[in-house]
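Chemist: Below: one structure in structure tokens.
Derivation of every value follows stated rules applied to the coordinates shown; laboratory data play no part. The shown structure was predicted, so the numbers you read here are calculated from the model rather than taken from an experiment. Heads up, the Cβs are rebuilt from the backbone with ideal geometry, glycines too, and the neighbour counts pull from every protein chain shown.
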Amino acid sequence: MNSELNGLLNKVDEWSKKDRKVYILTTPDMVDDLELVVLKHLAGNCSSQIAMATAGICVTTPERMAVREMTSRHPAFCKPELTGAIQTQLISLAIEQSVDELKTFRKSAGHPGFTKNVKNLFSKFLDDGFSAPFLNFRKYLSKNESFKKKMEDLLVIYKKYLELAAPYITKNEMLALLREGFDEDFFLAYFGPKKIGNRQEDELLKELTKKAEESIKVFLPDAAEKYGPNVMKPFFREHVMKRQPGRCDEVDVTKARCLDPDLEAKWVAGKIAGLLEEDDSLHARDIVVYLPPKNRDYIQATDRAFKKAGLAFNLTQESSLSSLPLPQLLRSLFEDSARRYEVSNITRMLRTGLVLPDSSGDEGIDERVRELNSLLPRIDNFLRKTGTRTEDQWMTEWHDALYSTEDPGENLEYHEKCNAFAEDIRKKTVALFSDLDAMKNPLDGETGIMSVLRKNGIIDAHAAQSARNTRTVRARGIELEGITGRMKESRKRLADLVSSLSAAEIEVDSSAFAGKLAETFSEPYAAGHAEKVDEIKVVPIDAVQCPHYRHAFVLGLDRNTLPGSIPEGRILTREEEGEIPFFHSMSIMDRYAYTDTLFLDACSSASDGIFLSYSRNTVLADLNEPSHYWTGFDAPVEDVELSTTFNVPEFDIDAAVVQAPSVHLKEEQRDEWNHLKSLTAFENTPADLTPELAEKLYAGEKKEDGCHIAPSYSALDTYAKNPYEFFLSRGLRLRRKDDYVLSSKNSGTYIHDLLEAFTNGEFNVPGNPDFDVQKAASSAIEHVEGNRREKSSRNSGHEKDILSMLSATAQTRRFKERLEDTFRRYLVDLKNRQMENQSQTALGETGFNSKDSIRNVGKGIDIPFELEGKTYHLDLSGTIDCISVINREGDDTTYLEITDYKTGNFTKLKTNLDIKLENGIRLQLVIYAMLIEAHMNEIRKMLEDRGFEVRDRIEVISSAYARVNDEKKDKSRKDDRYYEIGISDEGYSTKKNSDKTEVTIPFKDVENLIVDAYRDILSGHLEISPYQLGNSNGLEYSDFKNIMCFDELFGNSYRELKSRNTETKEN
């Protein structure tokens, strides 16, 4: 055992013989571990000594000591404690109440994560005891203008937060009261890092040291103590390469260089299995495994490997119970009455699976939960679309809430059942809130919270849910509990809270009780294993352990993982943080030394052996280099590859087996090995469809003259990008679930609606390209919001949904205003362009064989072709955003320009467009030109009916993308908002990158390209072959990446796009 720890235990032995209380203070990470070590040491073989030790010796943290000793001594401890969860809520409220006064952070205040980042910074302020005037003074002294502006906003929030936090007792206040009011006779020991915590904790330790009859301080090694932060060479020369005298002299060090984290975890499991087998005196509890902090890859790999090896281990880390079903339900129930029926609150409550309709017949809880889970997305969408968010709306019966029963066909019975279930959910929810409102005292045995929950079936549903989630893993005879333990604990904490408050005769109303609940459930809980079992301790390296282990394993010692890079502060940069004199909280530079200290503590926690490892590849196959922590030790290195033999038979993959299938295997290994061998030969290559199946999937409507297929340009685009994605989306018709949230697609729809309203509106007067931008914009906005159109190009219900979302909250209303400002700026540029080019927007939303558009030609383009003796027709269709006219003086021709509005990434849209068009990608502009050329007479009539002059000759000269959203302009370019391709009667033309010459591609070539694609499709050809061109490829925006599992190791490859006509140079 560590010499410092031995010194502490010897002193405790001495003190325990005297009639004095012994306090051993340490950090929260180490308190449980240290308490177990102390009590085991004192116990020996005498059971009576354990009782004495438990009563007379207290291993605790300063904060726990304050709560324990001062709760009944000082009235301030009657105030609710300011927990981390409450602190977050108060900071969020302070930001919300201060947002109008903010300047620098006004936009950031609404972003996800801003509250958390502010909380982290404020915690440092509070740890150092910084008042608002002190921080204001530091701002005044600074010459950094950026720091001054940020601090001005932060001080506004900080002052408001301090006001809101006044009713609570803070950790610092508790420590100060303990420092002043604790006057018993006691012995004091401190064991842990030199810097225990914040300023109050340091001062408390100094004061308690003075008051104690005798005291001792044992500090863990600090890498920055002698050398300062980020000075690695002296640190490793003394502490690592020479093995710090008295600490690591007799410790054996083993290093491993592994292929990936999975094999690294298997190597660790194999080593542990070997150690336990070789040494009968070694127990699993004598081994500690350190993982990189907050690294899910290593957690999962270690969990898999240890379970496979049959090792008893504790990988469960302390976590809050707040996210579990019962705490989430209670949070929703005790939500402010003005917000309780908000969709987000109702959804959170229903997702718990605890609010269920009363059983009708034999239907059990599990069946009702499954039905609720299947219908929850529809209920959520129904609430959002209808704007159901008030009590009055919830009191009204829902008719056809989820499904319309007007014309359901064969599904009438199912639809009626679903609607009835939703109506039962409504009744149960209303009843639950009504019972809660009738509750005068949450602690009352007959009408209190426990009675309300039992009456509405919540307790029974939660018990059934707990039983359903029970998972036990048997490892060496020890049962490890899964989520059930945490669920039972949440139910127990609720019951304990009610009983403790009742016993203390504390009167609380619903609001106060809600605060107590949040406080109770936010307390950390380490679940997943029985107490005091013989198991390996697996912890993140920043959870400092008491140094009483015999063997320690440290994983993930590559440069990117440990130490990794220290990021800039989220609110203040490194330079700006330097403007504030942090004494006790950790500055950015302190974190370098902190990482060194963590590694040194990990190496110092074992007495017999240290095992260090890193992976040469990440789970994504990115290369890693070892960190200086790994290279600093001069020790033998083991290379861990696929062919490595471990001490665990389940892990071993003998390379000879691959070459010699007849090698002898144990009977129980043969099935598993055959499975592994089949995986090594796996190729991710889909089988082709039969032509008969392909025809059923794609052939479309059968008519007298053959099968008619209606391909949109987006379908052609999908096939050209990746044929297999076309099969998934157009053949199997898989779709990503549409969440009812405000997305870029929704905002683009709103912009399109505004442009459509302008083009067809009263301020776009035929023959007059000049217009009043403000009046035209206001008219279009009013037109869209009023939905005055007789016929809309988009589903009117969907349009109303988008308008409802844009008007839902103050934040979305501000976003709507920004979209409208973007629309106005586009109109300004459009007006200037029209005046320069003598052009004018004429027809908005013109469809070809499209029933949903404002104007519909009625036909598209019919492209017939033969395949295997059958006739097929491709009926090309589409809807054009805008057709503009140009009537130049002295010219007998009316020229047409096609425009497609874009609100997304305009730069990527233009890159290598010529090559993409030749390969069938982004044919939208070309197909639009082909449609107009095929129906020029109908377009002429539409223009004349609209009031535009149409001359003897009419022709299309260009088809363009128009960027509507704002973007920094390149002053060297003209008309940065537009990207055009030339159009003539014969075809389209683009400028080549090499010599800027124009090459015309006949429309007939485009038709042949489309026909060739559908010949492949109807033949059943399937291939996972996304295109690749420059830095873009056919997978980057795909919704189906996880389904396709594209991997070049398993036979997949990209399809390089090249020009079909001339050699071009890629961008």
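Chemist: Whole-Hz Karplus ³J(HN,Hα) for the range 198-207, in order, using 6.51 cos²θ - 1.76 cosθ + 1.60 and θ = phi - 60°, x for Gly and Pro?
Modeler: 8, 4, 4, 5, 5, 5, 4, 5, 5, 5
Chemist: For an R0 of 60 angstrom, estimate the FRET efficiency from the Cβ-Cβ distance between residue 282 and residue 142 and round to the nearest 0.05.
Modeler: Given R0 = 60 Å and the Cβ-Cβ separation, E is 0.55.
Chemist: Working out 0.36 nm times the residue gap between residue 307 and residue 455, then minus their Cα-Cα distance, what length gain in nm do you get to one decimal?
Modeler: Value of the extension gain: 49.1 nm.
Chemist: Treat each spin label as a single point 7 Å out from the Cα along the C-beta direction, and report the residue 888 to residue 937 distance in nm.
Modeler: Label at residue 888, label at residue 937, 2.9 nm between them.
Chemist: Something else: Would you give the gap between the C-alpha center of the range 335-393 and the C-alpha center of the range 59-137, rounded to a whole Å?
Modeler: Cα centres, the range 335-393 to the range 59-137: 34 Å.
Chemist: Same structure again: Using modelled backbone amide H atoms (1.01 Å from N, in-plane), which distant-in-sequence or interchain residues come within less than 5 Å of residue 256's amide H?
Modeler: Counting only residues 5 or more places away or on other chains, the set is 612, 613, 614, 638.
Chemist: Then there's this: In nm, to one decimal, how far is the residue 743 label point from the residue 405 one, both placed 7 Å along Cα→Cβ?
Modeler: 3.2
Chemist: Moving on to the next point. Calculate the FRET efficiency for residue 1042 and residue 907 from the Cβ-Cβ distance with a Förster distance of 35 Å, rounded to the nearest 0.05.
Modeler: FRET efficiency, residue 1042 to residue 907: 0.80.
Chemist: Right, another one. I'd like the distance between the alpha-carbon centres of the range 894-952 and the range 995-1056, rounded to an integer number of Å.
Modeler: 23
Chemist: Rounded to the nearest 0.05, what FRET efficiency do residue 180 and residue 502 give with R0 = 25 Å and r taken as the Cβ-Cβ distance? Could you check?
Modeler: 0.20
Chemist: Mind scanning 11/211; 79/139; 21/210; 107/516; 124/194; 859/910 and naming the pairs with a C-alpha gap bigger than 22 Å?
Modeler: Violating the 22 Å limit, Cα to Cα: 79/139; 107/516; 859/910.
Chemist: Starting from 0.36 nm per residue, how many nanometres of slack lie between residue 704 and residue 104 once their C-alpha separation is accounted for?
Modeler: 209.2 nm
Chemist: Ordered by packing density, taken as the mean number of other Cβ atoms within 10 Å over each peptide's residues, highest first, how do 539-549, 338-348, 135-145 rank?
Modeler: 539-549, 338-348, 135-145
Chemist: So, one more: With the crude spin-label approximation of a point 7 Å out along Cα→Cβ, what separation in nm comes out for residue 804 versus residue 131?
Modeler: 5.3
Chemist: When a/c reaches 1.5 or more, the comparison of a/b and b/c decides; with that in mind, is the range 84-168 rounded, prolate or oblate per its Cα gyration tensor?
Modeler: Verdict is oblate for the range 84-168.
Chemist: By average Cβ neighbour count within 10 Å, what is the ranking of 840-846, 897-903 from highest down?
Modeler: In decreasing order of mean packing, 840-846, 897-903 become 840-846, 897-903.
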